[in-house]
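The values are calculated or read from the model by the stated rules, or taken from the named source; none is laboratory data. Please read these numbers as outputs of a predicted model, since none were measured by experiment. Backbone-built Cβ (ideal geometry, glycine too); neighbour counts: all protein chains shown. When the accessible area is computed, the model is the full protein with side chains, heavy atoms only, and any ligands, DNA or RNA have been set aside. Shrake-Rupley method; radii C 1.70, N 1.55, O 1.52, S 1.80 Å.
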Amino acid sequence: MTDAFFTYRKNVLLAKSPSTQIEGVFAATRGRSVPEEQEALLQQWLEEGVGNLPASESVPAARKASVTLTSDWLEGSELLMTSLSDLNTSLEVTRCADQQHSELNVLASSELQDHAVVELARLPSEETVTIAGSALWAAVVPQTDHQTAGCAGINVEVLNDDPAVLAWSLACDAETVPPVLPARPIEDTVPFYPVPTEVPYHEILWRDWEDLSVQPCVLEQVSKDTPLFEFRVMSYNILAQDLVEQGLDLYVHCHPDILNWSYRLPNLLQEIQHWDPDVLCLQEVQENHYWEQLEPTFKEMGFACFYKRRTGTKTDGCAVCYKRSRFQLISLSPIEYFRPGLDVLNRDNVGLVLLLQPVLPEGLGLKAVTPLCVANTHVLFNPRRGDIKLAQVALLLAEIDKIARTAEGSYYPVILCGDLNSVPDSPLYKFIRNGELSYHGMPAWKVVSGQEDFSQKLYSRKLLAPLWPSSLGVTDKCQYVTLCQPKKLGRREYSRDFLLQFRFCDAACERPRQLVFLEGVTDAKPVASARERSSLTVVLKRHNSLSFLGKQCSGVIQHGLNLTSVYSHFLPQRGRPEVTTMPMGLGATVDYIFYSAEPVENKAGECRRLYKDGALKLLGRLSLLSEDVLLMANGLPNPFCSSDHLCLLASFGLEISSL
């Protein structure tokens, strides 16, 4: 209150006294609460008015303004500065008791106004004051009984060229004014300290929900009479706190307070609760935070939770949670990618694969819905080791193949979530989406193209076939050897011509020990001609290349899950790519939700596989943002988003069929 009063008083004195006198009076009285002196000074202003002003100090009508403060405003009332052209001809000072001016123009923003009222809320009486030398000002001070009444809307107009208006701004926000103003002669202008406007994060980072169920391609596949089991899936890298503290140099753009777990946790939980997913796949979940805070909270929200910590000394891992009211667990399979002694699998990343049975609401009768396979993983970050990333993904796909395979040899619908640390144009992404990758001779960094470009490096690591040894037990089709199609029972039948091709092989030319010796019959050793030996060599090479299952001599790996991405990775309305994270201020997409679809026959010459929805239908998704939008919000994390990744959210539908 005192700061506001003396700021006002100082502005009045600007036009009436020399600058040295003003500074002396102001400095002598600052900080003391003297209601008697305030009332005396107000009375002096009332008596003097502007009658004593010389004609040369008169102010044009366009520069005249007033400030009105009234106790009749509601809570959160505002400081008004309005033009009073009707006071031009009358120099009398009038009282405003319980009256408001009918014409008010905007003079300051609402933020400035709110602060000013707080500062002036306790002034003792309600007066209209005429100030000499600058403009005619009407100051109506709130009464002490704090009575309030309704009032009409108020318009304010900023007069930036009026030093008195600028001086009023000094009292609007105590935090923006230095404790002691610089001691210097006061001239025609007053120093102005603008109030910092807070970034409207919720407006900048607004994400739209895209309803895809109304698209013709979806409507054609879904009959009006076909009910769907609808559910939402969220994938979210929530940024483990240990990783924040170990890499603070990555977050120098953030205020330290928003990096605290005590600040981030409520934000993350509020975001998850707001979008209300039925299946939640989290990455970078710190172990102690999971057991002490996240799991208890998620259980209260109706989730069943499963967690897998990274191997070794790492303190974070992956979690998969699902609503108990929507799904039941059929099987759970945690995956550890670390394999001792294998250079291509020597990192501590992990994954989770679940097979869930949707729970249908009561009253549907004899209805059924197919099980759903949900996988979640966080792949190695290192941009130089694309070979490790590829081997980790191959292990994950082999586990999905085992869990999602039906008795008939087909697959249940699959949803694959995770932070793959690979961008959409990378070979690793194309392998997941297209189902095939020829990796032999490819630079290891290129498998994760987009994170970093090492094309100028002279001696880059190149991928060689086979990528992993046969002892891993995974074939080049990303299947476990033990789960491949079993051999048909019974004796195989071969044609005579086929068997004759091997009559001169080493095994055929050696006499078996158990063979009964008959002179002239079993003692002779077959001798092959040069032509027969050449033919035998070709046959044996072809046979050996096809006989060992799992040997990747061709340098090509495949999978048969038919996966496509929920997101298109491009924002057509902005003409920019989508991003899910911003490491070091550079936007990139590394987080994905893939789902099962049916491949569509490609046109000649097209290498990109096309898909259409099958039993699992994509109904909607939460839009992503572009790099320029995130830069406006100071990147990630920020006060609104408490992770360095954006969450991904999609809505799906499973067809409900009759038994």
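For segment 270-325, which whole percent of the accessible surface, found with a 1.4 angstrom probe, sits on carbon and sulfur atoms?
Using a 1.4 Å probe with all protein chains present, segment 270-325 comes out at 45 percent carbon and sulfur.
Would you mind checking segment 563-578 for residues with the amide N under 13 Å from a putative spin-label position 7 Å along Cα→C-beta of Ser623?
570-576, 578
Under a no-solvent Debye model with one identical scatterer per Cα of segment 210-363, what's log10 I(q)/I(0) at q = 0.11, 0.14, 0.18 Å⁻¹?
The computed values of log10 I(q)/I(0) come out as -0.58, -0.85, -1.15.
Rounded to a whole number, what % of the accessible area of segment 600-659 do carbon and sulfur atoms account for, probe 1.4 Å?
Using a 1.4 Å probe with all protein chains present, segment 600-659 comes out at 54 percent carbon and sulfur.
Taking a point 7 angstrom from the Cα of Trp206 along the C-beta vector, which residues in segment 559-602 have backbone N less than 18 Å away?
It comes to 572-575, nothing else.
Determine the per residue accessible area of segment 262-365 with all protein chains present and a 1.4 angstrom probe, expressed in square angstrom.
For segment 262-365, the solvent-accessible area averages 45 Å² per residue.
Heads up, I need the accessible area for Asp497: 1.4 angstrom probe, whole protein in place, Å², nearest 10.
Here the residue's solvent-accessible area equals roughly 110 Å².
Enumerate the calculated ³J(HN,Hα) couplings along segment 380-388 in order (Karplus 6.51 cos²θ - 1.76 cosθ + 1.60, θ = phi - 60°), each rounded to whole Hz, writing x wherever the residue is Gly or Pro.
3, 7, 2, x, 7, 10, x, 5, 5
Please give the contour-minus-distance gain from Asn260 to Val556: 0.36 nm per residue of separation, less the Cα-Cα distance, rounded to one decimal in nm.
That pair, Asn260 and Val556, stretches by 102.0 nm at full extension.
At a Förster radius of 30 Å, what calculated FRET efficiency corresponds to the Cβ-Cβ distance of Trp291 and Leu571, to the nearest 0.05?
For Trp291 and Leu571, the calculated efficiency is 0.20.
Tell me, what is the 1.4 Å probe accessible area of His559, in Å² to the nearest 10?
Accessible area, nearest 10 Å²: 20 Å².
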